1. So between residue 65 and residue 88, what do we pick up on full extension, going 0.36 nm a residue minus the alpha carbon distance?
2. Got a sec? How would 378, 168 order by Cβ neighbour count within 10 Å, fewest to most?
3. If you keep only loop residues by DSSP, which chymotrypsin sites (Phe, Trp or Tyr not before Pro) in the stretch 146-198 have at most 14 other Cβ atoms within 10 Å of their Cβ?
4. Where in the stretch 279-295 does the amide nitrogen come within less than 20 Å of the point 7 Å from the Cα of residue 317, taken along Cα to Cβ?
5. Can you list which of the GluC sites (Glu not before Pro) found in the stretch 158-250 are DSSP loop residues with at most 11 other C-beta atoms within 10 Å?
6. Roughly what angle does helix 422-431 make with the longest principal axis of the chain, taking Cα atoms, 0 to 90 degrees, to the nearest 10?
7. In whole Hz, what ³J(HN,Hα) sequence does the stretch 255-270 give by Karplus (6.51, -1.76, 1.60; θ = phi - 60°), x for Gly and Pro?
8. Cut-off is 10 Å between beta-carbons; in what order do 115, 147, 399 appear when sorted fewest neighbours first?
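All of the numbers you see were taken from the coordinates with simple rules; none came from a lab. All of these numbers come straight from a predicted model, not from anything done at the bench. Heads up, the Cβs are rebuilt from the backbone with ideal geometry, glycines too, and the neighbour counts pull from every protein chain shown.
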Amino acid sequence: MSQKMLSEAEGYDMLRKYDLPVPEYQIVKSGEDAAHACEKMGCPVVMKIISPQIVHKSDAGGVIVGIGSRKAALSAFTKIIDGAKAYDPAAQIEGIMVEQQAEPGLELIIGGKTDPAFGKVITFGMGGTMVELMKDVTLRILPVTEDEIRQMIREIDAYPLITGYRGSKPRDEEELVKIIGNICRFFMENENVVEFDINPLRLYEKGACAVDARIIVTDKVQTTETKEERTPVPMEYFNPRSIAVIGASQESTKMGYAVLHNLLHFPGQLYPVNNKRSEIQGLKAYPTITAIPAPVDLAVITVPAIHVPRVVEECGQKGVPMVVIITAGFKEMGDDGKALEDRVKAIAKGHGTRIIGPNCLGIIVPPRGIDTTYVHQSPRPGNIAFISQSGAIINTVVDLSLAQGIGFSNVISVGNQADLDFLDYIRYVGKDEKTKAIILYIEQITDGKGFMEVVSEVAKTKPVVAIKSGSSKKGEHAASSHTGSLSGSYDVYMEAFRKSGVIAVHTLTGAFLAAQMLAHPKGFPKGKRAVVITNAGGFAVLSSDYAERYGVEIADLPREVIEELNEFLPDFWNKGNPIDLLGDATDKRFEKTFEVLARHPEFWDMAFIVGFPNLVLTSENLAKKILNFSAMTNNRLIATLLGGDSMNPGRELLKENMIPGFEELDFTFRVMGRVLWQKFRVKAPGLL
Ligand code: ADP
Ligand code: MG
């Protein structure tokens with residue numbers, strides 16, 4: 001596959017077809033012609049080098065603006081040629097472009113690139129020669145709607161420069177919307193265009209003009225490969241009645257020991273398979289899977305890679321519907337491993353046997369006593385599904401969850417995804433009744449569009465939180481366009497998540513907090529307006545600080561709400577939001593306040609209840625009132641019971657009833673800010 005950059009002139013011609021305003025130009029080969037063109041076009045003009053090797057023309061002294069005379073054109077010609085030769089003696093100079101000089105305007109960039117996973121992406125932001133310095137850009141995955149284009153424009157920090165800042169007149173935003181729309185169409189329709197920059201596009205009070213265009217085309221258009229039709233995995237495959245462990249072992253240092261050991265609690269039939277022993281860990285062992293006298297619903301394979309094809313063949317003969325291949329040494333090891341994996345795949349396919357892995361930990365389904373992994377200790381049952389591309393992260397998360405009292409509905413290690421892939425697992429946990437929230441640990445997705453389709457559907461009914469590794473720019477290859485260097489693949493993932501309803505987080509703790517925040521049946525808050533109710537003045541102030549920082553709006557209290565509160569709150573209460581119930585607030589005072597808010601649910605979307613322990617208020621009593629409040633309203637409640645162990649009874653009670661509770665106020669708002677980022681595109685600095 002070879003890529004090449006079109007000349008600026010070719011770029012202009014292409015864009016003109018999509019109604020993009022570009023300057024008149026003429027290509028010249030001599031100073032005399034340049035002078036002539038200048039006179040013909042009308043001064044002033046701009047002259048630019050044309051060379052396939054010179055990508056950033058200004059860097060080579062290849063752009064001269066404000067050429068106002070015949071004489072200036074003559075001297076500009078030699079200056080540009082000499083400059084270019086000095087910059088890169090090997091550069092082929094194809095000529096010089098003389099173009100009309102556009103009026104100064106607000107310089108913007110519109111760019112496009114092709115992401116390996118998610119396809120064509122459009123970027124927009126502040127342009128000019130300082131784009132990389134400003135880094136004020138936003139992006140969307142194509143196709144986009146007009147609404148999304150408008151949102152994109154409003155999203156950049158410099159948006160006030162478009163609407164008119166400090167006395168300057170507003171710019172032609174409508175024209176900009178139209179231009180971006182046309183450029184999206186240009187990018188979608190021209191399959192051979194893989195990347196481009198229009199920088200700058202000058203935006204005026206009326207109209208606009210593009211004064212540079214860099215378009216990269218490929219001679220090999222990636223045809224969207226027709227995907228193999230795949231039958232979905234039946235749900236009951238994850239609910240086996242009998243499990244065989246092939247390679248089960250009696251030696252505690254072997255993988256086959258740990259796997260069998262973790263399955264000893266499985267309430268169904270468990271069969272160790274080992275051709276050297278008749279009994280393993282107290283269970284009768286069989287020499288091969290075919291020797292087992294009853295059906296096997298799931299086989300866990302731990303034998304060395306070289307034996308896996310034979311074992312999978314036997315599983316197929318036995319009619320095992322699904323196997324977990326824990327063994328490593330396949331695709332991840334290079335070409336030979338890949339060939340072995342393909343062989344295993346083909347054998348399984350021939351028998352209609354589905355594969356989890358290879359090179360994975362397999363699955364843990366705590367509510368069903370299934371654990372095919374070799375984790376140190378099986379996690380507790382709960383309502384979170386965790387799907388991971390890293391086995392090591394699973395070990396860590398399971399260990400942490402035990403310490404923190406977090407339970408799982410499913411823990412899945414996807415491994416090489418030879419057959420079942422991320423999407424199959426997301427579909428499965430999406431349908432799984434025990435799962436109330438989903439956490440994904442993602443390293444790389446190959447089928448980005450498929451991912452977005454599946455996850456958007458699941459995210460409609462269950463919160464999906466994702467951690468994507470690889471946010472550092474290191475390792476991404478150097479880009480030939482501004483667009484390429486301004487937005488990396490991580491940014492595209494973030495946009496894909498946001499578009500699909502997935503909450504992106506950066507830490508494991510953040511993932512669990514966000515999942516906890518949303519696992520409640522009420523799901524997302526319907527807006528971003530909050531009330532804060534507290535008995536601590538200090539925390540009232542901090543709540544306002546955090547809310548502002550993380551993009552939560554503190555709602556104004558309507559007149560009638562203040563009046564109703566006046567009836568029972570001390571005269572000197574603050575009469576505003578956050579509502580400070582004062583240090584002597586009893587649970588009764590909280591309750592009455594909750595009742596007022598429940599009667600007026602229309603001015604707020606979520607309530608943060610911030611309580612600290614004292615002699616007139618126990619955490620348990622406060623928690624009970626919070627539960628009553630939750631039953632009275634459809635709005636979301638978030639409880640922050642601040643303090644030490646004395647708050648635990650209240651926290652426990654809230655947790656049992658799925659009211660999210662946090663022990664740190666900053667985190668409470670930060671988590672909500674992240675949730676709002678997903679839903680309402682809140683731009684909050686707080687990483688979670
Ligand atoms: P580069 O390859 O360095 O990006 P450009 O073609 O963008 O070269 O030119 C550099 C700068 O010169 C632009 O950012 C713009 O400010 C100015 N410029 C270029 N062409 C014109 C033009 N036709 N009218 C007015 N200014 C121009
Ligand atoms: Mg430019």
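1. Result for the pair: 6.1 nm of gain on full extension.
2. In order of increasing Cβ crowding within 10 Å: 168, 378.
3. 165
4. Counting backbone N atoms under 20 Å from the label point, the list is 285-295.
5. Answer by residue number: 225, 228, 229.
6. The two axes meet at around 50 degrees.
7. 3, x, 6, 4, 5, 5, 4, 5, 9, 4, 8, 4, x, x, 7, 10
8. Working: 115 19, 147 9, 399 14.
The fewest-first ordering by Cβ neighbours comes to 147, 399, 115.
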